[in-house]
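Have a look at the structure below before the remarks.
Bear in mind that the values in this text are calculations on the coordinates, not laboratory data. Everything quoted here is computed from the prediction, not taken from an experiment. A quick note on method: Cβ atoms are made from the backbone with ideal geometry, for glycine too, and the neighbour counts reach across all protein chains shown.
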Amino acid sequence: MSTKNLFHAFHDYLSANLGGLDGKPEQSFLTDCDWNVTERSITPSAGGNGAVFQSVLDKAGNGEKFLVKSFMECALSLLWQKRVVGNSAYHYVEIVGPSGHFPSSEIAGGIIFLPANSELANHRVVAETLLIPLADGAEFSADKKPLTPQKSGAILYQEANESAAFKSGATPLLIAYVWRNGDLQQTPDY
């Protein structure tokens, strides 16, 4: 699968899940941003072994399976970035955005990979954020509240400057993310 097909799978997934949320801010992530972007050439980086994600696919909801499969098929041709926070590390791929495979100054979106039995500590970003776990087993916290279990496909919306945390269980975690209306190149504040 090409990165262009992955972009379309990502956009189609968001459209299917956000399209029916009339009047909610989540839907405007699709309608208020220009998704008509052109692919640029980016050199892939190490870190994307699609086979690692088979356990995620096994726990993915029916609506998420196609996006997870698309991501697995492209994993070796993507630009992986890594962040280390305390004793934890996570990887992410920006599909669309300022440093993504498809450049945009209006929106940044992609996939976050959190290894099994890991935690992405409380952090905040200055942009509005959508987070969607692509498999069961994730725990999520907003505004430093206790972590709560989330189902595959749960749409988690955050205003700008709200804190969030994620925790994976025995299965690694893939999270679709979208940022807008803020510094799209910001390093999260931990």
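Overview of values
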read-out: Label point at S88 placed 7 Å out along Cα→Cβ; residues across segment 109-131 whose backbone nitrogen lies under 15 Å; value: 112-125
read-out: Cα gyration tensor shape of segment 35-110, rounded if a/c is under 1.5, else prolate or oblate by comparing a/b with b/c; value: oblate
read-out: Unit charges on C-beta of K, R, D, E only; dipole of the chain, Debye; value: 480
read-out: Potential lengthening between V126 and N62 on full extension [0.36 nm per residue; Cα-Cα distance subtracted]; value: 19.8 nm
read-out: Spatially proximal aspartates and glutamates relative to K151 (Cα-Cα < 19 Å; intrachain offsets below 8 disregarded); value: E26, D58, E64, E119, D136, E139
read-out: Helix-only mean residue ellipticity at 222 nm for the chain, each DSSP H run of n ≥ 4 adding -39500 (n - 2.57), per residue, nearest 500; value: -5500 deg cm²/dmol
read-out: Rounded if a/c under 1.5, otherwise prolate or oblate - segment 3-180, Cα gyration tensor axes; value: rounded
read-out: Reachable lysines, given that their alpha-carbon falls under 25 Å from the alpha-carbon of K4 and they are not under 8 places away in the same chain; value: K65, K69, K82
read-out: Segment Q54-T148, extension gain: residue separation times 0.36 nm, minus the distance between their alpha carbons; value: 31.4 nm
read-out: Neighbourhood charge, 13 Å Cβ-Cβ cut-off, centred on S2 and excluding it, Lys, Arg +1 and Asp, Glu -1; value: -1
read-out: Separation of the Q81 and N5 label points, Cα + 7 Å toward Cβ, nm; value: 2.6
read-out: Cross-link partners of K145 among lysines (Cα-Cα below 21 Å; sequence separation of 8 or more within a chain); value: K167
